Amino acid sequence: MSGRSVGSSPGPRLARRTFLAAAGAAAAGGLTTACSSASGLPAGKVAVLGDSAAWEKPMAAAGAAMKQAAALQLVPQVNPSLESFEQIVKSSLRTDRTPDLLKYWSGYRLQDLARTGGIVDLSTQWDAAVRRRWVDASLRSAFTYQDRVYGLPMNLAYWVLFYNPEVFRAHDLQPPATWAEFMTVCARLKKSGITPLHGTAADRWPSFIWFQEVLSRQDPQFYDDLMNGRARYTDPRAERALRTIASFFDKDWFTPMDMSHTDAAGVLVHGKVGMVACGTWFGGILGGVGGKPGKNYGAFVLPMAEPRTRPCVIFESSALVATVKGPDRTEAVKAAGNWLRPSVMKAFSHTLQDGCPNPRVAPPNTVIAGLAEKVRGDRLRMLNRFWEQGPPELVEATVDDLAGFLLNPSSYRSVLRTMQGRADDAWKVWRESEKTEKTEQGEGVKGA
């Protein structure tokens, strides 16, 4: 969903620091309000704390389906503030007042949570789902820490380019199949008086989008290496990606950088902007402004800039997490084991109108169906989204750096140097912490 989920996103960096200071002082009081599930719900009901109001109805639909299938009802609870949500979750894991289930992120953010020791190892539930073919097994690495699964995928959003088929037909255009065709589409839209691309630093988190999309299409392996600390931002391949984006600015292909995704949805549907890069959850926003899948909005995977490399697509998947100290832990773990059940997944994904990690569930609309067919049929390489890749504090800082680049594209070389300096420090801390944890675990085994 957004940097975190639909309808909410990280605020400006300075505001974030100010808020965290206040949130830390108010954490104890906040736990009582935001984690009412900590007192326990009646038997047969399990609370799920999330960060997105847009997920409340889908979670309720999934809960109703689970009640029929497993006599367990999921009860959604929402804290729509990113900073408050993260602060409350991490603070609550150290207490006896913690939610039973959480909607969280995958990748390094999930690893960061697993390192607290406060969430349940769900490897058994994952293995059972794989045996039943209830989950795409290739997603496992996004939900693991030290080879143990700590979350189950909730949705499966593909990061694609949305467009308006009516506008494309009016200008005799087709979704591009090659990078050269993509460039031609942009040029022809611009010539016709339509802004080709939505680009934005509004709400802060979207600042990574075009770096993610361009770099992964130019060199997907380098993207994967960079996101996992095996490559450097000062590498010529990272510079090439930012230079490519800067060239889009030179051609005046982008919308103003303060145009939000909500605003972009309206101008896409009304034919003022040609393409919007976003996760497939963007379809829900489009629907809210009159978008109809297959009629006035469609989507395609951005073609590879290097055709000799294996085609790829960025994915995003939230994690269903069970807490160790939740008051209804037994029922929570049972609910997690039933989460990927086809009837539950269908109720959830069809209400959310997004992709599903269970390949046995039919897509909720024609746009998602076409994308799923391409991804699975063409065996596209799946790469996790920028927001989930790397130590969380590094990602937060790098997003700010990329926002600075979008506001001053000529600064790309200095921005890359700054990002690498941050990365050196962050990865050193992360790896030292991993070594310390493994040493402590080893000593614990010996002591036992």
*asked:* Using the basic label-point model (7 angstrom from Cα toward the beta carbon), what is the ALA137 to ASP172 distance in nanometres?
replied: 5.0 nm
*So what's the angle, to the nearest 10 degrees on a 0 to 90 scale, between helix 82-92 and the longest Cα principal axis of the chain?*
20 degrees
_For the ranges 359-365, 326-332, what's the packing order if you count other beta-carbon atoms within 10 Å of each residue, average per peptide, and put the highest first?_
326-332, 359-365
_Under a crude label model (7 Å from the Cα following the beta-carbon direction), how far is GLN221 from SER433 in nanometres?_
3.0 nm
*Would you kindly give the portion of the calculated P(r) for region 116-191 that falls above 21 Å, as a percent of all Cα pairs?*
53 percent
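What is the dipole size for the chain, taken about its Cα centre, with +1 at each Lys and Arg Cβ and -1 at each Asp and Glu Cβ, in debye to the nearest 20?
Working: 54 positive and 44 negative charges, 160 e Å.
For the chain, the charge dipole is close to 760 debye.
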*What does the charge count near VAL273 come to, summing +1 for each Lys or Arg and -1 for each Asp or Glu among other residues with Cβ under 12 Å from its Cβ?*
+1
*Kindly list the residues of region 310-348 that lie in the label zone of THR124, defined by a backbone N under 14 Å from the point 7 Å along the Cα-to-C-beta vector.*
329-338
*Ignoring ligands, DNA and RNA, what percent of the 1.4 Å accessible area of the chain is carbon and sulfur?*
51 percent
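Could you sort the peptides 345-353, 425-433, 126-134 by per-residue average Cβ neighbour count (10 Å cutoff), highest mean leading? Please report the intermediate quantities before stating the final value.
Working: 345-353: 22.6, 425-433: 14.1, 126-134: 16.7.
The peptides rank, most packed first, as 345-353, 126-134, 425-433.
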*Considering the zone a paramagnetic label at THR309 would reach in this model (a point 7 Å from Cα along the Cα-to-Cβ line), which residues of region 375-399 have amide N under 16 Å from it?*
380-386
_Can you tell me, using C-alpha contacts under 8 Å and at least 6 residues apart, the relative contact order of region 191-282 as a whole percent?_
50 percent
*Set of aspartates and glutamates near LYS103 by C-alpha distance (under 18 Å), chain-local residues within fewer than 8 positions excluded*: ASP51, GLU56, GLU83, GLU86, ASP112, ASP121, GLU316, ASP328, GLU331, ASP354, GLU388
*Send over a whole-number figure in Å² for the accessible area per residue of the chain, probe 1.4 Å.*
40 Å²
*With +1 on each Lys and Arg Cβ and -1 on each Asp and Glu Cβ, and nothing else charged, work out how big the dipole of region 231-311 is about its Cα centre, in Debye to the nearest 20.*
340 debye
*For ASP425 and THR330 in the same chain, what is the full-extension length gain: residue separation times 0.36 nm, less their Cα-Cα distance, in nm?*
30.2 nm
*Which entries in LYS272/LYS292; LYS90/LYS346; LYS90/LYS374 show an alpha-carbon gap greater than 27 Å?*
LYS90/LYS346; LYS90/LYS374
*Give me the lysines in straight-line cross-link reach of LYS438: C-alpha distance below 20 Å, same-chain residues under 8 apart excluded.*
LYS428, LYS446
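To the nearest 500 deg cm²/dmol, what mean residue ellipticity at 222 nm is calculated for the chain from DSSP H runs of n ≥ 4 alone, each contributing -39,500 (n - 2.57), summed and divided by the residues? If you can, show how the numbers build up before the last one.
Details: 17 runs with 219 residues, N = 448.
Using -39500 (n - 2.57) per qualifying helix, the result is -15500 deg cm²/dmol.
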*asked:* Which one, THR436, THR244, THR255, has the greatest fluctuation when you compute a Gaussian network model over the chain with C-alpha springs under 10 angstrom?
replied: THR436
_Å³ per residue enclosed by the Cα convex hull of region 243-343_ = 225 Å³
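Tell me, what is the percent relative contact order of region 222-350, built from C-alpha pairs under 8 Å that lie six or more residues apart?
Working: 49 pairs, mean separation 13.7, N = 129.
Taking the mean separation of contacting Cα pairs over the length of region 222-350, I get 11 percent.
The values are calculated or read from the model by the stated rules, or taken from the named source; none is laboratory data. Because the structure is predicted, anything quoted here is derived from the model rather than measured. Cβ sites come from the backbone with ideal geometry, for glycine too, and all protein chains shown count toward neighbours. For accessibility, only protein heavy atoms count, side chains too; no ligands or nucleic acids. Shrake-Rupley method; radii C 1.70, N 1.55, O 1.52, S 1.80 Å.
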